[in-house]
Amino acid sequence: MTKKKKIRLSQCMIVKNEEKNIRRALSWGKSIVCEQIVVDTGSTDRTVEIAQEMGAKVFHFEWIDDFSAAKNYAIEQASGEWIAFLDADEYFTEASVGKILPLIQKVERGGYIGSQIVAIATELMSIDEKGQPGVTGQQIRIFRNNPKLRYKNRIHEELEFAGYATYDVFDARKDLTIYHTGYTKEAFEQTGKSQRNIRMLKKELEENPENAGILVYLGDSYMTEKSYEKAKECFQKALKYGAEKEDTLPKDLQRAASMLLILYARDPASDQEETVREIYETYREMHSDHPDADCYFGVWLYENRFYEEAAIYLKESLDKFKRYKGNVQIYMSANLKMVYAQLGDCCLRQKQYEDAVRYFTMSLGVDRYYTEALVMILNLFKREKGESDTAAGTWTLLSHLYNLSSLKDQMMILKGAKLASFPVLEERIYNVMPEEQRRIVKEALAKKAEEKKSADQ
């Protein structure tokens, strides 16, 4: 019986001022890696000290406005046969960690006729300030320590296998998920990431002004800065230049079109209709199985009160979201609660009440603190016979969605009841509160109402 080869996996990362993240970044891999390589690019906080305390091998690299150069330097310090390269604001889920080495063993054993797997694809899920999942997509974070495999591009770096346009990747997205916290509002404010990215991308554009990929990334950075007109200009240029160049990656055209739809959906107007429909058709042709085009076209239709048509595209986007197996990032995953709520409202307006309840409930299943969905479902339920007097059916439904003994959940339902003008539900919430808590809440709400009244006068 052949003895299994022991896999030596090196964990690598480049860092700068990551003292808030470095412990978590180094903790997930402790039990499975043979070494942890940390390359510091100029920290002024306790990042280096903490990394050394945790047993990492720390190296220093002078920052030259080039992420690939720093990452490639880190790879050169690694001795393992395989490398796990995550950023300091990324970490594998607990469920994923135990699967990593067995998956590498599986790849090492082979069985892939005519191919040589050099990398493993994982799911990457962004997490917002509330811990809610956001944008999802495929990323390559585990790969062989091969001298031909190195990063390219100053920013938004990608792995490239020297001399080859593509390389073989084992798809492990069903088994391995990385959480990414680096694009939360707090993270950007603390690190100045978007301004840094804009500066570096502008430098890239000076050398290649009609590169669709760079324009898309620059547009993304302007989106983070809420410079929406500048972002729109970048995405429009990406579509224009990208369509003219044969070497443009389809994913860059797809991304530019999807981001334009998101921008139009964010600030909808009826005079945009011809433009929006044209972008949607172009994008759909490029990537017909991807859900984002249908989603944000549906959102635009909803915001412009084309409710019946909006429902068609929102449903289609949800179906595609469930089926999608490609490797292009999905933006609608960050807005599922909104999609379900808008679809529920479309059903409500077409008097499809059971479907409306189902979609509102699904929206609250994604985020039970989503006020819009709660108010919509309360407005629907309070119309039912007897509900305005007892709220009995509503209360039963809420008991499945909320912890009725939790003050936070009680306050959420109270807020929804007030916005939906559902006084009997308000009273039911007050009745489950301890007497002292009920008094404090009522006094606070009364004071707030008085302050608003005074401000309005």
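The table below lists the values:
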read-out	value
Cβ-Cβ under 6 Å pairs, at least 6 apart or on other chains, region 123-141 side over 20 Å from residue 10 (Cα atoms) and open to solvent by 50 Å² or more (accessible area, probe 1.4 Å), far side in a strand (DSSP E or B) and among the hydrophobic types (A, V, I, L, M, F, W, C)	133/125
Pair list, Cβ under 8 Å, 6 or more apart: region 349-362 residue in contact (Cβ under 8 Å) with a residue 40 or more places away in the chain and closer than 16 Å to residue 378 by Cβ, other residue surrounded by fewer than 15 Cβ atoms within 10 Å (Cβ to Cβ) and not aromatic (Phe, Trp, Tyr)	none
Qualifying positions in region 382-418 - closer than 18 Å to residue 344 by Cα and open to solvent by 40 Å² or more (accessible area, probe 1.4 Å)	382, 383, 384
Checking residue 379 against (1) crowded, with 16+ Cβ neighbours inside 10 Å; (2) touching a residue at least 40 places away in the same chain (Cβ under 8 Å); (3) within 21 Å of residue 131 (Cα to Cα), the condition it does not meet	(3)
Residues satisfying the stated conditions in region 57-95, i.e. among the small types (Gly, Ala, Ser), within 22 Å of residue 7 (Cα to Cα) and crowded, with 21+ Cβ neighbours inside 10 Å	74, 78, 84
Exclusive hit being in contact with a strand residue (DSSP E or B) (Cβ under 6 Å, 6 or more places away or on another chain) and at pLDDT 95 or above, set 136, 47	47
Matching residues, region 22-44, being open to solvent by 20 Å² or more (accessible area, probe 1.4 Å) and charged (D, E, K, R)	23, 24, 30
Verdict on residue 104 being touching a residue at least 60 places away in the same chain (Cβ under 8 Å) and either of a type in the set (Ser, Thr, Tyr) or in contact with a strand residue (DSSP E or B) (Cβ under 6 Å, 6 or more places away or on another chain) (or both)	yes
Subset of region 235-251 (residues that are touching a helix residue (DSSP H, G or I) at 6+ places or on another chain (Cβ under 8 Å) and either under 12 Å from residue 210 (Cβ atoms) or β-branched (Val, Ile, Thr) (or both))	237, 238, 239, 241, 242, 243, 245, 248
Yes/no for residue 23 being free of Cβ contacts under 8 Å to residues at least 60 places away in the same chain and out of contact with any helix residue (DSSP H, G or I) (no Cβ under 7 Å at 6 or more places or on another chain)	no
Within region 45-56, considering residues that are open to solvent by 70 Å² or more (accessible area, probe 1.4 Å) and of a type outside the set (Asp, Glu), the one nearest to the chain's Cα centre (by Cα)	46
Hits in region 113-157 (condition: aliphatic (A, V, I, L, M), assigned to a strand (DSSP E or B) and out of contact with any Leu (no Cβ under 9 Å at 6 or more places or on another chain))	117, 124, 125, 127
Residues within region 336-372 that are small (Gly, Ala, Ser) and under 20 Å from residue 262 (Cβ atoms), tallied	2
Subset of region 268-310 [under 22 Å from the mean Cα position of the chain (by Cα), assigned to a loop (DSSP other than H, G, I, E, B) and not hydroxyl-bearing (Ser, Thr, Tyr)]	287, 289, 290, 291
Hey, residue 284 of a type outside the set (S, T, N, Q), free of Cβ contacts under 8 Å to residues at least 24 places away in the same chain and open to solvent by 30 Å² or more (accessible area, probe 1.4 Å) or not	yes
Qualifying residue in region 169-189 (condition: modelled with pLDDT under 85 and polar (S, T, N, Q))	yes
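Yes/no matrix, rows are residues, columns are (1) open to solvent by 30 Å² or more (accessible area, probe 1.4 Å); (2) among the hydroxyl-bearing types (Ser, Thr, Tyr); (3) in contact with a His (Cβ under 7 Å, 6 or more places away or on another chain):
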position	(1), (2), (3)
217	yes, yes, yes
220	no, no, no
239	yes, no, no
243	yes, no, no
251	yes, no, no
265	no, no, no
268	yes, no, no
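The values are calculated or read from the model by the stated rules, or taken from the named source; none is laboratory data. Since the model is a prediction, treat every value here as computed from it, not as a measurement. Cβ atoms come from the backbone with ideal geometry, glycine included; neighbour counts cover every protein chain shown. For accessibility, only protein heavy atoms count, side chains too; no ligands or nucleic acids. Shrake-Rupley method; radii C 1.70, N 1.55, O 1.52, S 1.80 Å.
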